[in-house]
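**Q** First, the structure itself, so that you have it in front of you.
Each value in this text was obtained by applying a stated rule to the coordinates, not by laboratory testing. Predicted model only: the values in this text are computed from it and were never measured. Positions of Cβ are generated from backbone atoms using ideal geometry, with glycine treated the same way; all protein chains shown enter the neighbour counts.
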Amino acid sequence: MGKTIQLTAADGHTFDVYQAMPAGTPKGAILVIQEIFGVNSHMKEVADSYAAEGYAVMAPALFDRAVRNFDVGYTPEDIASGRDTRAAIDWADSVKDMQATVDALKAHGKVGSVGYCYGGSCSWLVATRIGVAASVCYYGGQIAMFKAEQPKNPVMMHFGEKDHGIPMTDVEAIRKTHPQAQVFVYPAGHGFNCDHRADYNAECAAEARSRTLAFFAQHVG
């Protein structure tokens with residue numbers, strides 16, 4: 001369903017974007033933001049799934065600023081590589097790439113953002129630093145670090161209560177700071193949406209997706 005295109009950020013950086021389009025006229029657009037594993041097969045499947053729901057979708061390769069074509073699996077070595085690569089990229093630069101992607105998506109109507117893991121934190125920055133129609137954040141571990149920032153649009157968040165990387169104290173701090181955000185906690189671990197990982201939880205993933213799609217239907221189209 002998808003293909004790879006290229007976009008250019010405001011600072012001249014050119015990066016790859018996985019683009020997936022619906023069969024008919026898009027009812028809106030979704031920015032899909034990667035995990036630390038790159039725009040790998042799972043993230044392309046996620047992008048395709050939103051396109052199948054009628055949205056124009058783009059998933060930017062945010063790691064292109066450090067490593068081109070970064071695409072790994074879920075072994076301990078892959079996780080270490082992903083974390084190292086993420087650490088090599090400034091958050092502000094990721095925002096530049098997401099801004100360029102949002103700008104490109106605006107041709108298809110209102111824009112929403114959804115991100116997973118690292119991308120969940122990035123989706124929060126889309127809400128606070130860019131502003132779109134709606135933002136969804138799946139288990140974003142750095143949202144608490146940026147919790148002082150104020151969102152410009154409605155936000156929904158999904159966390160797993162068994163996530164060893166995101167303490168529930170962080171989730172409660174986010175809830176307290178942003179009572180207007182919809183924050184859901186599931187009986188699952190980190191990465192529960194990814195059916196390529198051991199932490200995949202089909203029931204929790206389905207519930208979170210149902211809420212996400214309803215949220216986008218309300219705010220994006």
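**Q** Of the residues Val111, Val46, Val57, Val102, only one is crowded, with 19+ Cβ neighbours inside 10 Å, of a type in the set (Val, Ile, Thr) and within 11 Å of the chain's Cα centre (by Cα); which?
**A** Criteria check complete, one pass: Val46.
**Q** Moving on to the next point. For segment 34-59, name all the residues that are in contact with a Leu (Cβ under 7 Å, 6 or more places away or on another chain) and not acidic (Asp, Glu).
**A** If the condition is that a residue be in contact with a Leu (Cβ under 7 Å, 6 or more places away or on another chain) and not acidic (Asp, Glu), then Gln34, Ala56, Met58 are the ones that fit.
**Q** Return only the number of the condition from (1) in a helix (DSSP H, G or I); (2) touching a residue at least 12 places away in the same chain (Cβ under 8 Å); (3) within 26 Å of Gln218 (Cβ to Cβ) that Asp78 does not satisfy.
**A** Going through the list (1) in a helix (DSSP H, G or I); (2) touching a residue at least 12 places away in the same chain (Cβ under 8 Å); (3) within 26 Å of Gln218 (Cβ to Cβ), Asp78 breaks only (3).
**Q** Going through segment 30-55 one residue at a time, which ones are closer than 15 Å to Thr85 by Cβ, acidic (Asp, Glu) and outside any strand (DSSP E or B)?
**A** Of everything in segment 30-55, nothing turns out to be closer than 15 Å to Thr85 by Cβ, acidic (Asp, Glu) and outside any strand (DSSP E or B).
**Q** Okay, next question. Of everything in segment 52-74, what is of a type outside the set (Phe, Trp, Tyr) and more than 17 Å from Trp91 (Cα to Cα)? Give them in sequence order.
**A** Matches in segment 52-74: Ala52, Glu53, Gly54, Ala56, Val57, Met58, Arg68, Asn69, Asp71, Val72, Gly73.
**Q** Could you tell me how many of the residues in segment 159-190 are assigned to a strand (DSSP E or B) and within 17 Å of Ala134 (Cα to Cα)?
**A** Of the residues in that region, 3 qualify.
**Q** Can you tell me which of Gly131, Gly120 is closer than 24 Å to Asp93 by Cβ and without any contact (Cβ under 8 Å) to a residue 24 or more places away in the chain?
**A** Gly131
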